[in-house]
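Here the structure is laid out as structure tokens; the discussion comes afterwards.
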Amino acid sequence: MTRDLRIHNNLTRKKETFSPIDPGKVRFYSCGPTTYDFLHIGNARALVVGDLFNRVLRSFGFEVTFVRNYTDVDDKIIDRAKELGRDAIEHAAIFVKECETDMDSLGMLPATHTPKVSETMPEIIAMIQDIIANRKAYVVAGEVFFSVPSFPSYGRLSKKDIDSLQHGIRVEVDGRKQHPSDFVLWKPAKPGEPAWDSPWGKGRPGWHIECSAMAKKFLGKTLDLHHGGIDLMFPHHENEIAQSEAANDCPFCHNWAHNEFLNFGTEKMSKSLGNVIKIRDFVTKYGGQVLRHILLSVHYRARLEWTDEVLNRALDEVKRIHDFVLELNRMEAKGSYYGEEISSCREKMQEELANDFNSAGAMGHFFSFLRSVKAHRDELSSEALAEAHRVIRFVEDSLGLVALNPSKVLDELKRHEQDTSSTGVDSEWIERLIAERRVAKETKNWARADEIRKEIASKNVVLKDNPDGSTSWSVSS
Ligand SMILES: [Zn+2]
């Protein structure tokens with residue numbers, strides 16, 4: 001594959017030809033989730049876009065080292081664990097597992113490395129020491145701050161300058177900072193919080209330093225591509241650049257790519273608006289392939305407006321794709337037809353993906369191909385059939401939009417149809433919710449456990465918790 005890949009680089013705000021430091025090899029980092037609760041479909045967008053980049057880079061022949069972290073030490077985790085009266089690291093570990101289950105259901109390829117903060121402490125501490133040694137951080141009573149004015153190019157990714165930032169920052173009562181924009185690299189732990197020994201006393205890292213340290217540990221000092229949600233550009237990614245360059249004295253990353261938000265109509269998805277859909281709940285209802293399909297049906301840099309129409313279209317398209325794959329397996333060459341929509345489909349999809357990972361454009365070509373093969377099913381040449389199978393494999397590899405087991409996807413869709421068309425009870429759905437309720441109870445998330453009981457009760461199903469810890473259910477008459 002010799003085609004040039006062009007990526008919109010947020011450092012320059014331009015589409016540029018992608019040329020990694022070592023030709024043929026890509027050092028790719030994507031900011032991963034904070035594991036304090038089940039992930040929602042907004043988190044899924046960032047995860048699936050990271051997976052898209054990884055797959056497309058591979059399909060273009062690059063050898064990719066892909067690092068996606070888990071933030072398992074964080075205020076949100078500590079607060080949630082405190083509420084539940086459990087150990088913070090243990091609580092985070094439960095949700096790392098749950099995240100992995102969600103990622104599998106979304107058909108994501110495994111990353112090369114998935115480091116956790118709790119396992120990267122020596123590297124984090126060493127990096128903070130390097131930044132201090134380079135006089136770009138300072139220590140105040142067990143706390144380490146990055147000195148933003150000591151790093152003159154601060155703001156070059158988000159296009160903010162420190163002076164204008166200062167006006168925007170609310171007056172802080174924090175007299176320890178030398179400048180209002182300075183941020184924490186290490187902070188002392190409060191009693192009962194997870195803490196690690198450091199040259200500055202027992203404590204834990206600030207949020208931003210973990211990605212700088214993990215990237216260096218697995219990818220070296222300079223990366224080819226860094227990705228995250230657009231909300232991470234400032235301050236998180238700006239701070240990653242400052243930390244890494246202050247410690248390593250060389251450029252941190254050449255290409256920065258950010259995916260846009262997922263909105264409900266015109267509203268952002270947020271807990272306070274009550275419009276948060278968990279990946280688990282969505283997948284239970286429709287299957288993971290439908291969610292993946294929706295997330296890739298819009299270019300990653302465009303807002304994704306989530307509507308019923310978007311959902312219904314995806315349900316229809318996922319069914320069409322997987323019906324087609326089953327049908328294709330039974331098709332035989334019966335003629336001499338080998339039309340352009342079939343012969344040039346892969347080429348056209350590659351062209352779209354080479355143009356800043358345009359998954360939506362690639363899907364458009366795929367559907368014309370699909371229509372053409374179906375329309376000419378009784379007159380296809382053997383070359384056309386062989387190419388059709390190659391197209392399916394390409395879509396499977398580079399987009400993950402064809403599941404390895406099409407029948408399973410169709411069964412999931414059928415179950416959803418039955419569920420909505422009759423008052424019958426979907427036993428698999430109930431079993432999955434019972435499993436989620438068990439996790440909720442284990443993590444002492446009583447509110448969620450109760451919510452699930454109510455959700456199940458709304459289908460006239462009664463749960464019974466047995467003394468051995470199992471739960472049985474029955475339909476009330
Ligand atoms: Zn990060």
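The values are calculated or read from the model by the stated rules, or taken from the named source; none is laboratory data. Owing to the predicted nature of the structure, the values given are computational and were not obtained by experimental measurement. Note: ideal-geometry Cβ built from the backbone for every residue, glycine included; neighbour counts use all protein chains shown. Side chains are part of the model used for accessible areas, which takes the heavy atoms of the whole protein and leaves out ligands, DNA and RNA. Shrake-Rupley method; radii C 1.70, N 1.55, O 1.52, S 1.80 Å.
Assessment of the range 139-146 against the conditions (surrounded by fewer than 19 Cβ atoms within 10 Å (Cβ to Cβ), in contact with a helix residue (DSSP H, G or I) (Cβ under 9 Å, 6 or more places away or on another chain), more than 24 Å from Q243 (Cα to Cα) and among the hydrophobic types (A, V, I, L, M, F, W, C)) yields no matching residue. Here the condition is being more than 15 Å from the chain's Cα centre (by Cα), within 16 Å of the ligand (Cβ to nearest atom), buried (at least 21 other Cβ atoms within 10 Å of the Cβ) and touching a residue at least 12 places away in the same chain (Cβ under 8 Å); of V56, V67, V73, V49, it holds for V73 alone.
For the range 248-260, a residue qualifies if it is out of contact with any His (no Cβ under 6 Å at 6 or more places or on another chain) and within 13 Å of the ligand (Cβ to nearest atom), and the qualifying residues are F252, H258. With respect to D308, determine if the residue is out of contact with any helix residue (DSSP H, G or I) (no Cβ under 9 Å at 6 or more places or on another chain) and more than 30 Å from E431 (Cα to Cα). Answer is no for this residue.
Taken over the range 335-357, the residue count meeting the criterion of being closer than 18 Å to G61 by Cα and surrounded by fewer than 19 Cβ atoms within 10 Å (Cβ to Cβ) is 4. Being under 23 Å from the mean Cα position of the chain (by Cα) and either assigned by TED's automatic domain parsing to the domain that holds I241 or at pLDDT 95 or above (or both) is a property that does not hold for G192.
Residue count for the range 252-266 satisfying the condition of being buried (at least 21 other Cβ atoms within 10 Å of the Cβ), at pLDDT below 95 and out of contact with any strand residue (DSSP E or B) (no Cβ under 6 Å at 6 or more places or on another chain): 0.
When you scan the range 247-266, do you find a residue that is in a loop (DSSP other than H, G, I, E, B), closer than 17 Å to G50 by Cβ and under 20 Å from the mean Cα position of the chain (by Cα), even just one? Looking through the range 247-266, at least one residue is in a loop (DSSP other than H, G, I, E, B), closer than 17 Å to G50 by Cβ and under 20 Å from the mean Cα position of the chain (by Cα). Look at (1) among the aliphatic types (A, V, I, L, M); (2) at pLDDT 95 or above; (3) open to solvent by 10 Å² or more (accessible area, probe 1.4 Å) and you find that I7 fails only one, number (3). Just to be sure, is A449 more than 30 Å from the chain's Cα centre (by Cα) and at pLDDT 85 or above? Taking the combined requirement at face value, the residue does not satisfy it.
A quick yes/no check of all residues on (1) under 30 Å from H299 (Cβ atoms); (2) touching a residue at least 24 places away in the same chain (Cβ under 8 Å); (3) among the aromatic types (F, W, Y):
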| site | (1), (2), (3) |
| --- | --- |
| A362 | yes, yes, no |
| F369 | yes, yes, yes |
| S372 | yes, yes, no |
| S382 | no, yes, no |
| H389 | yes, yes, no |
| R393 | yes, no, no |
| S407 | no, yes, no |
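Let's see how each residue does on (1) at pLDDT below 95; (2) in a helix (DSSP H, G or I); (3) open to solvent by less than 10 Å² (accessible area, probe 1.4 Å):
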| residue | (1), (2), (3) |
| --- | --- |
| V290 | no, yes, yes |
| I294 | no, yes, yes |
| E305 | yes, no, no |
| R313 | no, yes, no |
| E317 | no, yes, no |
| L326 | no, yes, no |
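Does at least one position in the range 202-224 carry a residue that is open to solvent by 20 Å² or more (accessible area, probe 1.4 Å), away from the ligand (no atom under 16 Å from the Cβ) and aromatic (F, W, Y)? No; the residues of the range 202-224 include none that is open to solvent by 20 Å² or more (accessible area, probe 1.4 Å), away from the ligand (no atom under 16 Å from the Cβ) and aromatic (F, W, Y). Can you find even one residue in the range 334-344 that is without any contact (Cβ under 8 Å) to a residue 24 or more places away in the chain and not in a helix (DSSP H, G or I)? Checked the range 334-344: at least one residue is without any contact (Cβ under 8 Å) to a residue 24 or more places away in the chain and not in a helix (DSSP H, G or I). Taking residues in the range 232-248 that are among the polar types (S, T, N, Q), and partners anywhere that are within 11 Å of the ligand (Cβ to nearest atom) and open to solvent by 10 Å² or more (accessible area, probe 1.4 Å), the pairs with Cβ atoms closer than 7 Å and at least 6 places apart or on different chains are N239/H208; Q243/H208.
If you check G364 against the conditions, is it closer than 18 Å to V402 by Cα and open to solvent by 20 Å² or more (accessible area, probe 1.4 Å)? Answer is yes for this residue.
For the range 234-247, the candidate set comprises residues that are over 11 Å from S153 (Cβ atoms) and surrounded by 19 or more Cβ atoms within 10 Å (Cβ to Cβ); within that set, the residue that is farthest from the ligand (Cβ to nearest atom) is A247. Regarding the range 27-40, can at least one residue be identified that is assigned to a helix (DSSP H, G or I), of a type in the set (G, A, S), open to solvent by less than 30 Å² (accessible area, probe 1.4 Å) and on the phi < 0 side of the Ramachandran plot? Looking for residues that are assigned to a helix (DSSP H, G or I), of a type in the set (G, A, S), open to solvent by less than 30 Å² (accessible area, probe 1.4 Å) and on the phi < 0 side of the Ramachandran plot, one finds none in the range 27-40, hence no.
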